[in-house]
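These notes are about the structure you will find just below.
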Amino acid sequence: MNKLLLVARREYLFNLRRPAFLFAVFGVPIFTFAMWAIIFLVVAAGESDAESIGTVGYVDNAAILIDPIYPTDVPPERFVAYPDETAARQALDDKTIGAYFLITENYLSTGEVESYSFTGLPEALRDNWEVFLLANLTRRLDPDVEVERIQDPVNMVIRAQDTGRTLTEANIPALIFIPLIFAFLFYMSSGTTSGFLMNGVVEEKTTRIMEILATSVTPSQLLFGKIIGLGLLGLTQMVVWFGAGFLLIHFGQGLPALNGVVFPLDLMLIMLVYFLLSYFLLATMMAGLGVVAGSDQESRQYASIISILFIIPFFLIAAILEDPNGPVALIFSLIPVTAPMTMLLRLGFSAVPAWQVIASLLILLFTALLVAWASARVFRWALLRYDVRTTLREIVNVVRRPSHEVAVSAAHSSEEVVS
Amino acid sequence: MSPEAAIHVEGITKNYGAFRAVDGLSFDVQRGEIFAMLGPNGSGKTTTMRMILDILKPDNGRIAVMGGPLTDATKDRIGYLPEERGLYRGVRVLEMMVYMATLKGLSQGEARKRSQAMLERLELAEHSKKKVSELSKGMQQKIQFAVTVLHQPDLIIIDEPFSGLDPVNSLVLKDLLFEFKARGGTIVMSTHQMSQVEEMCDRLLMINRGQQKLYGPVDTIRRQYALNAIVVQGKGDWSALPGVARVETKENGTKGYLLHLKDGVTPDNVLASIATSNLTQIERFELAVPSLNDIFIRVVEESKL
């Protein structure tokens, strides 16, 4: 087998079994599912709370609930009228009711309602009570107005002329969150795999395995074998996550939060292209810096600086979303390190002009190739430099040197110089 | 250049900035021999090895390995054990050996078969599923050597193979090296243990400050450094023998006397005198050949002057 593929295969299979990777791949979706489950359980628990206290009495001193109407959320048997406070008090003491509300005489001007119970009132019951009152107050103003319209007066349907997508209010949250989740997963995935890449290079250097590897494979075979192997690992991770997302949306249609959400396939394809290119850029940077770094610690410093560059768009989410086709969004779409995130966020919300997508992809591709080329040179040069700090000036010199002069440089470690 | 040479080195020089690590070195390593590279720390041994392996490029000079410049195919016929050693720590022993062997061109199946056989041989079979970090230092060194020879190379270049090994493991390694040589393999090794060179190596190259100091068959070099003197053991008045300039009592090691001979007198002359004399009774008679250790120290001291 080609040595490049051997390196790729080894990097893929070895890192696939790492606990850190398994956690990232399976832990993140499981964690997300668990969070969803908890949220739904809490909501469901809140709904049953309204019933936990039993029937609730009320005394209507303001005369607003004479012959009351019941909106859909309020079962007629929940609230029972009592003629005066003594009767309601008696019912509470007998435990016929769990609580009662006293609507004060000047309620219409003050909104004052007193509540009496032995146990305190659940939040859900109070909300239910408000809906009940609102419905009956509305009827006094205009019997034709539905209570739902008072509660939720606008149900916006956005018909975007340029994309042809019709957005209804129900899937707007999904459109905000799906790009965000994508961007986050994207960052996690390329961050994890390029981190593995850097760690691997640093390990091989500090343990001097590099020296044996250097007699078996060329520096380029080693570098690109690693990039390919770990890139496939990142793709594996994405496939698992997308699969989980697809299943969640597919089987979660019954849940109110996911109702009507469509898995955006077109967005996913563009994202895949961005992922591949930006992973390639990130990985070549990390590999180049990994081989220059003398230690784990030093490499982590480099890694964190690079990571920050890639997540700059996260700090600018507000600016990008407010004006998805504005100058800030455009500039960050064209800068290679910030382009993937920015574009993902923009593509979710609006139609990005095709020339911008193409320009952004071309700039990213060109930069990635340039960095890969430079990184391969640095990689070859720094392979066996131990225990010396490399300066930026040295790196720049190596990259600019004519190619036949770029050879492995073994820095003279202290031992080598003693003579 | 002789077609038989496993390695042919011609006038190589390597500078690290202003520091000249290797200075106009030329030598050949013949196929099937054990070739020692000697020299104090920092004398340029490792740099020379790295240049032979094409990890480093010489600034000047030419190197041919197996009859030509080092190609990918030639690299697969070489094994290298660097001085500063390491293994993938979190990886299982067998898995790592298989990976390293496949990088040298073996198929997965063949690499696995040979790794298992090698682990049996080194009495490490029961550790094959363990991670490298769980092994003792001695075991790790044996594994490292195993990785060097697993692909059955024609040439191995080993930097300080015995450093850190206990006597038992040194013996295991020595056997493996002789076995490798018996199969026709060529060995280039650097070591600081001169007794091992005397015992194992056919020829040697000694360098200091990047320059050649000694080069040739081990026996010839030792004889070159022989004093015009003999070592004797027995009874009698040695100073009375004709041709003996002065008598020195050997202090280190074996008992006996060191007889320094007058100019123009050969050991044969003295032996003849002893045979005919009745003043002396001989038990042992040998040429005063210095140990490589003595030669090493002498060469280094001389080059400081």
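Would you check if there is a residue in segment B:150-168 being touching a Phe, Trp or Tyr at 6+ places or on another chain (Cβ under 6 Å), surrounded by 22 or more Cβ atoms within 10 Å (Cβ to Cβ) and within 14 Å of chain A (Cβ to nearest Cβ)?
As a first pass, look at segment B:150-168 and keep what is touching a Phe, Trp or Tyr at 6+ places or on another chain (Cβ under 6 Å): B:157.
Subsequent filtering for residues that are surrounded by 22 or more Cβ atoms within 10 Å (Cβ to Cβ) retains B:157.
After this cut, where a residue has to be within 14 Å of chain A (Cβ to nearest Cβ) as well, the list is B:157.
Yes, segment B:150-168 contains a residue that is touching a Phe, Trp or Tyr at 6+ places or on another chain (Cβ under 6 Å), surrounded by 22 or more Cβ atoms within 10 Å (Cβ to Cβ) and within 14 Å of chain A (Cβ to nearest Cβ).
Residues in segment B:204-263 that are among the polar types (S, T, N, Q) and touching an Asp or Glu at 6+ places or on another chain (Cβ under 7 Å) were compared, and the one that is farthest from residue B:42 (Cα to Cα) is B:233.
Yes/no per residue for (1) on the phi < 0 side of the Ramachandran plot; (2) among the polar types (S, T, N, Q); (3) in contact with a Pro (Cβ under 8 Å, 6 or more places away or on another chain); (4) surrounded by 15 or more Cβ atoms within 10 Å (Cβ to Cβ):
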site: A:41; (1), (2), (3), (4): yes, no, no, no
site: A:51; (1), (2), (3), (4): yes, no, no, yes
site: A:62; (1), (2), (3), (4): yes, no, no, yes
site: A:67; (1), (2), (3), (4): no, no, no, no
site: A:72; (1), (2), (3), (4): yes, yes, no, no
site: A:84; (1), (2), (3), (4): yes, no, no, no
site: A:100; (1), (2), (3), (4): yes, no, no, yes
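Here is a check on your reading of the model: is residue B:181 assigned by TED's automatic domain parsing to the domain that holds residue B:27, in a helix (DSSP H, G or I) and touching a residue at least 60 places away in the same chain (Cβ under 8 Å)? Criteria met by residue B:181. When we screen A:384, A:347 for residues that are in contact with a Leu (Cβ under 8 Å, 6 or more places away or on another chain), assigned by TED's automatic domain parsing to the domain that holds residue A:181, open to solvent by less than 40 Å² (accessible area, probe 1.4 Å) and part of a loop (DSSP other than H, G, I, E, B), the only hit is A:384. If the condition is being in contact (Cβ under 8 Å) with a residue 60 or more places away in the chain and among the aromatic types (Phe, Trp, Tyr), then segment A:320-358 contributes only A:349. Residue selection: residue B:123 satisfies the criterion of being on the phi > 0 side of the Ramachandran plot, at pLDDT below 90 and either out of contact with any Lys or Arg (no Cβ under 8 Å at 6 or more places or on another chain) or outside the structural domain of residue B:174 (by TED's automatic domain parsing) (or both).
Just to confirm my filter: which helices (runs of 4 or more DSSP H) fall fully inside segment A:145-244 and include at least 1 residues that are open to solvent by less than 30 Å² (accessible area, probe 1.4 Å) and modelled with pLDDT of 80 or more? Break it down into steps so the answer makes sense when it comes.
On the way: elements: A:147-151, A:172-206, A:209-214.
Fully inside segment A:145-244 and qualifying: A:172-206, A:209-214.
Restrict the check to segment B:208-220 and report whether at least one residue is surrounded by fewer than 16 Cβ atoms within 10 Å (Cβ to Cβ), over 30 Å from residue B:28 (Cβ atoms) and touching a strand residue (DSSP E or B) at 6+ places or on another chain (Cβ under 6 Å). No, the conditions are met nowhere in segment B:208-220. Residue B:97 - would you say it is more than 9 Å from every other protein chain (Cβ to nearest Cβ), open to solvent by 30 Å² or more (accessible area, probe 1.4 Å) and touching a helix residue (DSSP H, G or I) at 6+ places or on another chain (Cβ under 8 Å)? For residue B:97, the condition - more than 9 Å from every other protein chain (Cβ to nearest Cβ), open to solvent by 30 Å² or more (accessible area, probe 1.4 Å) and touching a helix residue (DSSP H, G or I) at 6+ places or on another chain (Cβ under 8 Å) - is not met. Report yes if residue B:71 is under 14 Å from residue B:211 (Cβ atoms) and among the β-branched types (Val, Ile, Thr), otherwise no. When the stated conditions are applied, residue B:71 does not pass them. Restricting segment B:60-82 to residues that are within 10 Å of chain A (Cβ to nearest Cβ) and open to solvent by 30 Å² or more (accessible area, probe 1.4 Å) leaves a set whose member that is nearest to residue B:297 (Cα to Cα) is B:70. Exactly one residue out of A:9, A:18 is within 14 Å of chain B (Cβ to nearest Cβ) and open to solvent by 80 Å² or more (accessible area, probe 1.4 Å), and it is A:9.
Filter segment B:195-207 down to the residues that are surrounded by fewer than 20 Cβ atoms within 10 Å (Cβ to Cβ) and in contact (Cβ under 8 Å) with a residue 60 or more places away in the chain and list them by number. Answer for segment B:195-207, where residues must be surrounded by fewer than 20 Cβ atoms within 10 Å (Cβ to Cβ) and in contact (Cβ under 8 Å) with a residue 60 or more places away in the chain: B:195, B:198, B:200, B:202. Cβ separations smaller than 7 Å between residues 6+ apart or across chains give the following pairs from segment A:192-221 residues that are more than 7 Å from every other protein chain (Cβ to nearest Cβ) and in contact (Cβ under 8 Å) with a residue 24 or more places away in the chain to residues that are open to solvent by 20 Å² or more (accessible area, probe 1.4 Å) and charged (D, E, K, R): A:202/A:296; A:219/A:380; A:221/A:3.
Restricting attention to segment B:11-37, the residues that are of a type in the set (Phe, Trp, Tyr) and out of contact with any strand residue (DSSP E or B) (no Cβ under 8 Å at 6 or more places or on another chain) add up to 2.
The values are calculated or read from the model by the stated rules, or taken from the named source; none is laboratory data. Predicted model only: the values in this text are computed from it and were never measured. All Cβ positions, even for glycine, are placed from backbone atoms using ideal geometry, and neighbour counts span all protein chains on display. Only protein heavy atoms, including side chains, enter the accessible area calculation; ligands, DNA and RNA are left aside. Shrake-Rupley method; radii C 1.70, N 1.55, O 1.52, S 1.80 Å.
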